[in-house]
Amino acid sequence: MDRRCFTHRALVSLGISWLSPQSLSQTARMPRLGMLFNGSPDNNPAVIAVHRAFERLGYREGAEIAYESRFAQGQLERLPALAEDLVAQGVDVIATFGGPPTSAAVRATHHIPVVFAIVADPVAVGFVHSLERPDGNATGITNHDPQQAQQQMALMRMLMPGLQRLAIVSDADIPGADASGLAPIERGNVAAAKAAGIAPQVLKLRSPTPDLEGSFAAMETEGAQAVLALEVPVAIAHRKRIAQLATSRRLPTLFSAGSSDAGGVLSYGTKVDDTWPRVPVYVDRILKGAKPGDLPVEVITTKNLVINLKTAREIGITIPPELAKLATRTVE
């Protein structure tokens, strides 16, 4: 006799109706998602975006999914312990937001799937073997464009044809530094600057209390004529103060597209917040049986150029017509 038929008849004889697949899924253990952040939980836009995206996929908090969120509060040295705590909690998947949280998670576990976002170059820092075939326990979404550094230098050249010295604001805590002390995103921008005939000055700041005034003093000493703030945690967290200090010194600025609210002259590139709603899609596929090593890393490619005409006027810069034509949006 078919064992399934026997079980079905036994249940019916006991007055128990046959469980549907939906009923079985409801009786299964609720999956738990660990989430690891650089910042704080207060009005965290990534948290809000991820929760909403899970709801659209039919995951209700406390019913179909439980969240275990950990926040470094800007103290990135806490990330390894926070990642180890999520592993100890036995979460089913860990979602990470940024290079430092991802580095902490992949070091803490080789078994629990890791889904990352806001990672500039996951291949260069060793999180995945390749974008097409990650091969390990990590995969996710990146908004990294290998050509963006060159495009940023081209925009700065259009804005300032005589640009010779550029200060590049980065983060001392991002992973992947080589013998020169530079991480992949820094190396890419340094190479692009030199190729454009621009002398780069990299300033690596450290959270949670970076010495911004000291960094701008160093820029003045080196004769920087403009500032590029990379899409890294410290520059994102302190973007408005960086823009204020640059504007007070009449230094044109270029920020990442997601930092257009900083008040810099230019903001360009893909937006990290476009990656957040994609995280639940990957988690959903993994919870349904997909292996992270088989899921290609998704690359966000849509770019935006925001020109802040108000800031340009404040520092005495005229936006060339050919640059203005490229703008996705202008701020008056």
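Just so you know, all these numbers are worked out from the coordinates, no wet-lab data involved. Just so we're clear, the structure is a prediction, and the values are computed from it rather than from any experiment. Heads up, the Cβs are rebuilt from the backbone with ideal geometry, glycines too, and the neighbour counts pull from every protein chain shown.
For this structure, a couple of remarks:
- Under 12 Å, Cβ to Cβ, from Leu309 - net charge with Lys/Arg +1 and Asp/Glu -1: +1
- Our coupling estimate for segment 160-176, obtained by passing each phi through the Karplus curve with A = 6.51, B = -1.76, C = 1.60 and θ = phi - 60°, is 10, x, x, 4, 10, 10, 10, 8, 10, 8, 9, 10, 5, 9, 6, x, x Hz, Gly and Pro reported as x.
- Of Thr247, Thr209, the sequence from fewest to most neighbouring Cβ atoms within 10 angstrom is Thr209, Thr247.
- Since only Gln244, Ser267, Ser256 are under comparison, the one whose Cα sits farthest along the positive direction of the charge dipole of segment 236-288, derived from C-beta charges on Lys, Arg, Asp and Glu, is Gln244.
- With neighbours defined as other Cβ atoms within 10 Å of a residue's Cβ, the residues Asp42, Asp173, Asp85 order from fewest to most as Asp42, Asp85, Asp173.
- Applying Stokes-Einstein at 25 °C and 0.890 mPa s to the Kirkwood radius of the chain, computed over alpha-carbon pairs, gives a translational diffusion coefficient of 114 µm² s⁻¹.
- Residue exposure proxy: Tyr67, Tyr282, ordered by other Cβ atoms within 10 angstrom of their Cβ from fewest to most, comes out as Tyr67, Tyr282.
- Crossing angle, helix 99-108 versus the chain [Cα axis fit, 0-90 degrees, rounded to tens]: 40 degrees
- The Cα atoms of segment 98-193 cover 52, 25, 18 Å along the three principal axes, with the biggest extent listed first.
- Within-15-Å neighbourhood charge of Thr275 [Cβ basis; K, R +1; D, E -1]: -2
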